[in-house]
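Below is one structure; the comments refer to it alone.
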Amino acid sequence: MTTAEIDFEELFDAAPNPYLVLDADLVVRYANRAYLRVTGRTREELAGRYILEAFPDTPAAPAAARDFGASLQRVLDSREPDVVAPQRFDIPVAGRPGDVEERWWCGMSSPVLGPDGTVKWIIARADDVTEFMRSPFIREPTPPLSKQATGNAAQVYARSHDLEQLNEQLRHAHAREREIAITLQEVMLRSPDLDRHRDIAVRYLPALGSLNVCGDWYDVVDLPPDRYSIAIGDVVGHGLQAAAVMGMLRSALSAAIRAVPSPAQALEVLGLYARAVDGALATTVAKVLIDPRSRLIIYSNAGHPPPVLLHPDGSWQLLDQATDPPLGARPEHVPRPQAGLSYTRGDTLVLYTDGLIERRGEDIDAGLARLTDALAQHSTLPVEQLADALLAHLGVTTGSRDDIALVIARL
């Protein structure tokens, strides 16, 4: 892009700060929208006028124009930026002709040099520092501040005000990104078959500080005649990249279990697919198939923390007899193991990701013990209440350092 393609008036008008453009004769050539807004002037009142005529002295500030003019002259002479200490210049009150409002301004003027090295233009910025000048720090300083110190303090105030506005804009932008991310994650984790299971509760909590998108997932798939499968997985990493990989793997596994209703074979298919997906290697997945007719859980695990079968009396069993490395961990394809475990009506199956149990500097066995202790204490609660109680007991109701996905099924 060349400068001929840039609309400089558009750029100045988009700037949030008030700017004037003066020529070398100190005649106003342009005032951006922010300048007009804060001073209550129009372009017609300013454009083409000598700056000290456009902003003459007022009874309340008899030396303001003189000091501002002296600052501009220093810019012309030195060809360096110059700062003017805060000056009072009142502005008209909208809708009340003849009335003015007290305002204090801190100015900075910067030269734009021509090809011959002389000043061709001056860009003058005006910052409203009225609130600062009315503060006790200025009204009753101890010891009294010099004019230069007051000017420096006002400049710091003006810059901090800019940062405050920028932070507010960033907060709004972050809130919008988070809203989009939440919607994206909800769409990616949507499971139509889950809606038919009132005895299954799910929870998803993103890592603290993330945009609400992550690589953890869960899925529920109904299989004929009356079986169903539950999957839970964890892609390495956080953010949109991990979420994109998660979406692909989740869809692939959902399709695989419908074609080959064997957890081990479905994970084998997923492992082969993961080799072709950037960022999918080292993903952990646990897959279970539940057959209510035979009261049997068939499962296979690719490097994931073991699911827990909880009994109504608080006793439990780990589904840890068919554990294999994560996806892509082996250089060559090897059939995955599969195991079965019988259950009785009223038992509860709990699947989770490592964010629920892992703590920095702690062995994973300690996390597993904490999980099973919590389950034992709340074994008879309905699944929705059990999910909430479990998160509260483990201290992760609002999230943790890692993402958390949780599925609790009353069998």
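Quick notes
- Inter-label distance for D195 and T344, nm, one decimal - labels placed 7 Å from Cα along Cα-to-Cβ: 3.6
- Per-residue ³J(HN,Hα) for the range 320-332, Karplus 6.51 cos²θ - 1.76 cosθ + 1.60, θ = phi - 60°, Hz, x for Gly and Pro: 10, 9, 9, 9, 9, x, x, 4, x, 6, 8, x, 10
- Carbon and sulfur %, accessible surface of the range 277-380 computed with the full protein complex present, 1.4 Å: 50
- As a length-normalised measure over Cα pairs under 8 Å and 6 or more apart, the relative contact order of the range 287-411 settles at 28 percent.
- Per residue, the convex hull spanned by the Cα atoms of the range 234-346 measures out at 109 cubic angstrom.
- For the range 321-411, GluC sites (Glu not before Pro) are listed when DSSP marks them as loop and at most 15 other Cβ atoms sit within 10 Å of their Cβ; the list is E332, E362.
- Compared with the alpha-carbon gap, the fully stretched path from A366 to H393 is longer by 8.3 nm at 0.36 nm per residue.
- For I404, the residues 5 or more places off, or on other chains, whose built amide H falls under 5 Å of its own are L205, A207.
The values are calculated or read from the model by the stated rules, or taken from the named source; none is laboratory data. Please read all numbers here as calculations on a predicted model, not as lab measurements. A quick note on method: Cβ atoms are made from the backbone with ideal geometry, for glycine too, and the neighbour counts reach across all protein chains shown. What goes into the accessible areas is simple: the full protein's heavy atoms, side chains included, and nothing from ligands, DNA or RNA. Shrake-Rupley method; radii C 1.70, N 1.55, O 1.52, S 1.80 Å.
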